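The values are calculated or read from the model by the stated rules, or taken from the named source; none is laboratory data. Keep in mind that what you see is a predicted model, and the values were worked out from it rather than measured. Counting neighbours? That spans all protein chains shown, and the Cβs are built from the backbone with ideal geometry, glycine included. All accessible areas refer to the heavy atoms of the entire protein, side chains included, with ligands and DNA or RNA removed. Shrake-Rupley method; radii C 1.70, N 1.55, O 1.52, S 1.80 Å.
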Amino acid sequence: MTHAIPAQDALLDPKDAMTEPLHYTKYLVDGKLHEWRGDMADVYSPIRTLVDGAEQPVYLGSAPDLKREQGLEALDAARKAYDFGRGDWPTMPAAERIAAMEKFIDRMVEQREIVVKLLMWEICKRKKDAVKEFTRTVEYLRDTITEYKELHREGSSIQNVEGTLAQIRRGPLGVVLCLGPYNYPLNETFCVLLPAILMGNTAVFKPAKYGVLLITPLLEAFRDCFPPGVVNIVFGRGRELAAPIMQTGQVDVLALIGNSKSSNALISQHPKPNRVRQVLGLEAKNPAIILPDADLDLAVKECVKGAWSYNGQRCTALKVIYVHKYVRREFLEKFAAATDALSVGLPFRDAVITPLPERGKVEAMQAYVTEAVEKGAEVVNAKGGETAGAIFFPAILFPTSRDTAIFREEQFGPVCPVIEFEDLEEVMADIAESDYGQQASVFSQDPSAMGPVIDQLVNQVCRVNLNASCQRGPDALPFTGRKDSAVATLSVRAALRSFSIRTLVACGEGRKNTLEGVVSGRHSTFSSMDYLL
Ligand code: G3H
């Protein structure tokens, strides 16, 4: 496999070219874009190009490598803006927070082209998916506003419960530390950060290790649309920034999309971990289960999509496939052929298989394959495991021993173990023992076979996909997981709930005069009957 394509030559649209490196020297704290004069972190693309006949990663630019002190300044700014819930932002009328967010979305849309371009160059997301990540995020944020209005309307009422008059609203929690993943560096961070802000919280946001530059075109919009300190954005390493922030004990919510090792390590830094609300989207090992009466062409199509979209770097990817022994041979033949037919290349031309952004990832994939092969597996597709630069062609392993890392761990990349089963109990026992519990896919054309499998899976995972691969969307649906796969639920509506707490104002019905006076005199933002349309 060859990949040393001069990167700019692979472009379809000249607008996708990186004409010069992007050196971003600022960070956002307390409403100001501070100029950073300290260490910078270089950013390289996973794409390699030929320089004087030698392959080299394309240099994309640099971003600040901030230190502990800047992280703590960001935290202070967020605390000041929250001010124990008495700051301007958490006490502001909902309509004003909505207006700020609407302004932000409009400004964000203006940066679409550059963000999409950087999604391709920094993390090699193919163009179609990069565009989708951007538009999906914008839609999510617009839908969030609609849901927030609905939540607010629900709170604009007073109930009489056994003689107690109560007005219940959802209120903010405090300061949110928001950390995102590299695979959806825009979508998954903004879909927690902005709902959190809209609910009246304030935040410190640190972008992921990869996919940093693509956030930088949005810093001015954050500065201009939200009051000082509401959103603070720092660049650098988690150990240097996030850990000291947690150690202060002043973080109220940890919003992290990543893995449980990082979230556990951070929570353990907090002196009072019980005080931290955790909103976590973590690792998964979603299985596909192919029953003997499955439509195999459909199962293959969905497994190709499920296992290999964005090179398997999705928490929702299919990461282990169980196939019934009666159809195993035919399934594997078709799955191998369909996998080998996938296009490979750079993201600009919409190749399905693209370079992997994480350093050492190709070697990590090779190690999974080597161990599985030593323990009896074969790579069943002809192109499986071929490499070129940071590209690793998807490898299907069969038969896979349960005594392998690829069976136990989340591979988050283009290797997929296949396991044959005869009795569904074997599959269910594995799922019960697994550390993960996000989703599963079941393939069958027989409703009487499907029904019992659904009933066994629904108490092990949080979404069972019938004759379809696993996925998060549509974003209005609850997205969560059991065990080490998630804490809290995300969806357009659920995110607003996750970043808030029910709070009520109550009085006995015999003493309602004061409350009536507060409402009718418009003396309180919380105790108001304003109805947002
Ligand atoms: O990485 C995990 C993402 O939430 C998956 O989302 O199923 O839309 O690719 P997706």
Any residue at all in the range 434-449 that is more than 25 Å from Glu371 (Cα to Cα), open to solvent by 10 Å² or more (accessible area, probe 1.4 Å), outside any helix (DSSP H, G or I) and not charged (D, E, K, R)? yes
Search result, residues across the range 113-169 that are farther than 30 Å from Asp530 by Cα and free of Cβ contacts under 8 Å to residues at least 24 places away in the same chain: Val116, Val131, Lys132, Thr135
Give me a count of the residues in the range 85-98 that are assigned to a helix (DSSP H, G or I) and either touching a His at 6+ places or on another chain (Cβ under 8 Å) or in contact (Cβ under 8 Å) with a residue 40 or more places away in the chain (or both). 9
Any residue at all in the range 99-111 that's in contact (Cβ under 8 Å) with a residue 60 or more places away in the chain and more than 25 Å from the chain's Cα centre (by Cα)? no
Residues satisfying the stated conditions in the range 42-82, i.e. open to solvent by 40 Å² or more (accessible area, probe 1.4 Å) and assigned to a strand (DSSP E or B): Asp42, Tyr44, Arg48, Leu50, Val51, Ala54, Glu55, Gln56, Pro57, Tyr59
Unmet requirement for Arg126, which otherwise passes all of (1) in contact with a Lys or Arg (Cβ under 9 Å, 6 or more places away or on another chain); (2) over 30 Å from Ser309 (Cα atoms): (2)
Picking from Glu110, Glu122, which residue would you name as being acidic (Asp, Glu) and either over 30 Å from Ser500 (Cβ atoms) or touching a strand residue (DSSP E or B) at 6+ places or on another chain (Cβ under 9 Å) (or both)? Glu122
Starting from the range 417-433, take each residue that is more than 17 Å from Arg328 (Cβ to Cβ) and list its partners that are at pLDDT 95 or above and part of a strand (DSSP E or B), counting only C-beta distances under 7 angstrom and pairs at least six apart or across chains. Ile431/Pro287
Could you list, in sequence order, all residues of the range 465-524 that are open to solvent by 80 Å² or more (accessible area, probe 1.4 Å), away from the ligand (no atom under 16 Å from the Cβ) and part of a loop (DSSP other than H, G, I, E, B)? Arg522, His523
Restricting to the range 27-37, count the residues that are touching a residue at least 24 places away in the same chain (Cβ under 8 Å) and open to solvent by 70 Å² or more (accessible area, probe 1.4 Å). 1
List pairs: first residue in the range 172-187 and within 16 Å of the ligand (Cβ to nearest atom), second residue hydrophobic (A, V, I, L, M, F, W, C) and in a loop (DSSP other than H, G, I, E, B) anywhere in the structure, Cβ distance under 7 angstrom, at least six positions apart or on different chains. Gly180/Ala208; Pro181/Ala208; Tyr182/Ala208; Pro185/Ala208
